Amino acid sequence: MADSENLVSGKELETYFHECMPLFIALGDEMRLKIIEVLSHAARSGNPDGLNVNEITKQVSLSRPAISHHLKILKNSGLVNVRESGTSNYYRLTLRECTQQLMKLGFMVEKVLSPD
């Protein structure tokens with residue numbers, strides 16, 4: 001029999017799933033995934049400070065206002081961080097906490113589906 005402290009209630013799972021919903025929404029759009037790809041490439045290419053909207057717009061086939069809208073959603077979900085420098089905002093990926101959050105949800109689902 002499983003330890004009572006290892007059991008996850010359906011309500012706990014539902015609550016945590018709702019906490020993760022901004023991540024699912026942010027990751028559920030092809031253009032936002034493209035922006036994540038562009039920011040990932042920038043970080044791997046020696047640009048850890050991120051890119052501004054103009055730099056992202058050059059690599060994604062959307063207008064600046066559309067890019068800004070998608071960046072706001074990514075920022076609100078915790079997938080990107082913004083740093084102000086002069087009149088520009090630089091966006092970079094911040095995946096660690098989001099990855100941990102999704103992993104925790106996965107473990108909770110696993111516990112609910114196989115509690116033994």
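Which entries of LYS75/LYS111; LYS34/LYS104; LYS11/LYS34; LYS11/LYS104 show an alpha-carbon separation above 27 angstrom in the structure shown?
LYS75/LYS111; LYS11/LYS34
What value, in deg cm²/dmol to 500, does the helix sum -39500 (n - 2.57) over DSSP H runs of n ≥ 4 give at 222 nm once divided by the residues of the chain?
Result for the chain, helices only: -19500 deg cm²/dmol.
Quick one: grab the alpha carbon gyration tensor of the stretch 20-88, order the square roots of its eigenvalues as a ≥ b ≥ c, and give me rounded if a/c is under 1.5, else prolate or oblate depending on whether a/b is larger than b/c.
Because its axes are fairly even, with a/c under 1.5, the stretch 20-88 counts as rounded.
Any idea how far the Cα center of the stretch 22-58 sits from the one of the stretch 94-113, in Å?
22 Å
Would you kindly derive the ³J(HN,Hα) couplings of the stretch 98-108 from the backbone phi angles with the Karplus curve 6.51 cos²θ - 1.76 cosθ + 1.60 (θ = phi - 60°), listing them in order in whole Hz, with x for Gly and Pro?
With the stated coefficients, the stretch 98-108 comes to 5, 4, 5, 5, 5, 5, 4, 4, x, 5, 5 Hz.
So what is the diffusion coefficient of the chain in µm² per second by Stokes-Einstein at 25 °C and 0.890 mPa s, using a Kirkwood Rh over Cα pairs?
For these conditions, the coefficient is 156 µm²/s.
State, as an integer percentage, the relative contact order of the chain based on alpha-carbon contacts under 8 Å between residues 6 or more apart.
34 percent
Explain nothing, just the number: relative contact order of the stretch 17-85, from Cα pairs under 8 Å at least 6 residues apart, as a whole percent.
Contact order relative to length: 33 percent.
Read the figures in this text as sums done on the coordinates, not as results from a lab. What you see is a predicted model; the values in this text were computed from it and never measured.
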